[in-house]
1. Select from segment 69-94 the residues that are among the aromatic types (Phe, Trp, Tyr) and touching a residue at least 40 places away in the same chain (Cβ under 8 Å) and list them in ascending order.
2. Is it true that some residue in segment 2-11 is exposed (fewer than 12 other Cβ atoms within 10 Å of the Cβ) and at pLDDT 95 or above?
3. Consider Ser65 carefully, then state whether it is loosely packed, with under 15 Cβ neighbours inside 10 Å and under 9 Å from the mean Cα position of the chain (by Cα).
4. For segment 70-96, which residues satisfy the criterion of being surrounded by 14 or more Cβ atoms within 10 Å (Cβ to Cβ), of a type outside the set (A, V, I, L, M) and within 15 Å of Tyr36 (Cβ to Cβ)?
5. Considering only segment 42-59, how many residues are buried (at least 17 other Cβ atoms within 10 Å of the Cβ) and in a helix (DSSP H, G or I)?
6. Can you tell me which residue in segment 73-97 is farthest from Lys30 (Cα to Cα), limited to those that are over 13 Å from the mean Cα position of the chain (by Cα) and outside any helix (DSSP H, G or I)?
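The values are calculated or read from the model by the stated rules, or taken from the named source; none is laboratory data. Just so we're clear, the structure is a prediction, and the values are computed from it rather than from any experiment. Backbone-built Cβ (ideal geometry, glycine too); neighbour counts: all protein chains shown.
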Amino acid sequence: MNMKTEAKARKHSSPLLREVLSEVSKVEKKQIINKYAVATKLDQLLELRGWNKTTFAENINRHPSEITKWLSGTHNFTIDTLTEIADTFKISIAELF
């Protein structure tokens, strides 16, 4: 898969998100932004593959409910999980951000 032809992660903003971000530290803001960036990128990769959550779950040997959690933007991914995701899509971990 050629990642250079794909769109970058979409930026998301809402009044609630702005309010939450105004009440957290700089590091926490970066953590939240990064979690949403990974979730957004993952959603884009699924769309490009034409996969739904169930298909992706089957390909990565996880339950669909776990994929739903990943796509929520609140999941704290481990390096191991990011490696599994990147390997499933044949991309580098860096391309998930």
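1. Residues satisfying the conditions are Phe77, Phe89.
2. Among the residues of segment 2-11, not one is exposed (fewer than 12 other Cβ atoms within 10 Å of the Cβ) and at pLDDT 95 or above, which makes the answer no.
3. Taking the combined requirement at face value, the residue does not satisfy it.
4. Trp70, Gly73, His75, Phe77
5. Qualifying residue count, segment 42-59: 6.
6. The selected residue is Lys90.
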